[in-house]
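**Student:** The structure is given below, and queries will be raised subsequently.
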């Protein structure tokens, strides 16, 4: 009886946590911004303690220049937040932004992103994950998936079924049917928002196409599209190309209005 009451209480909490993303998409949100900021700061401080960051003043100044131009056009409260940029001593092409105002750029990213516009593509994408509260959405999605698995297991047990088998099958279904598709949606949404922010900041949105084509050309095994947490490179480039043409007037207006970053390594 207590378990059923707990499930009902959790279901009510999940239903009450529906919000809308910056693109108008419905999101489940049961984690607060302050909680996510605490998690983001804790994760960043852990990396610092582990010695993940390197002393790279030129790269850090360059990345900060690009990040500051992007932050200036973000919606509140992110445009007034103090953002710290650190360089990660990793040769892979990657970067991240965390709730709480923290950005990390791998050293390897500077080899792939060959100019400020391409670096703005990456940082705009990562900042968009924060603005769209994708981290909190992922936590909320996991809570919802866990609740569904628990409820299904309880029901299977009450019907005389194998509760362990039911839990395993439901867990796989929750991952494939809820968590991974939402993650692909978040990646596409971050592409859309990031390209919009870079154009508003005075970075050429056409560079997003070039950057993701470069990433798609990198070697390594790739999972099937339906299991991937990122859109396929071809689909991604096509979507970015379409939006780049729509954003050219925004980019040109931004440059004419004084948003003309000149970040150099």
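Any read-out appearing in this document is the output of simple, stated calculations on the displayed coordinates, not a laboratory observation. No experiment lies behind these values; they were computed from the predicted model shown. Cβ: placed from backbone, ideal geometry, glycine included. Neighbour counts: every protein chain shown.
**Student:** Using the per-residue mean of other Cβ atoms lying within 10 Å as a proxy for protection, in what order, highest first, do the peptides 127-133, 48-54 fall? It would help to have the intermediate numbers written out before the result.
**Tutor:** On the way: 127-133: 23.9, 48-54: 11.7.
Going from most to least packed, we get 127-133, 48-54.
**Student:** How long is the gain from residue 91 to residue 19 if the chain were fully straight, where each residue apart is worth 0.36 nm and the alpha carbon distance is subtracted?
**Tutor:** Extra length available between residue 91 and residue 19 comes to 22.2 nm.
**Student:** Taking the mean number of other Cβ atoms within 10 Å as a proxy for protection, how do you rank 61-70, 114-123 from highest to lowest? Intermediate results must be reported in sequence, preceding the final value.
**Tutor:** Values: 61-70: 21.5, 114-123: 24.2.
Packing proxy ranking, top to bottom: 114-123, 61-70.
**Student:** Could I have the simple spin-label model distance between residue 114 and residue 256, label points 7 Å from Cα toward Cβ, reported in nm to one decimal?
**Tutor:** 3.0 nm
**Student:** What ranking do 23, 80 get, fewest neighbouring Cβ atoms within 10 angstrom at the top?
**Tutor:** Neighbour counts put them in this order, fewest first: 80, 23.
**Student:** Starting from 0.36 nm per residue, how many nanometres of slack lie between residue 72 and residue 47 once their C-alpha separation is accounted for? Before the final figure, lay out the partial values.
**Tutor:** On the way: separation 25, 0.36 × 25 = 9.00 nm, distance 2.62 nm.
Length gained, residue 72 through residue 47: 6.4 nm.
**Student:** Show me the ranking of peptides 31-40, 251-260 by mean Cβ neighbours inside 10 Å, starting with the highest.
**Tutor:** 31-40, 251-260
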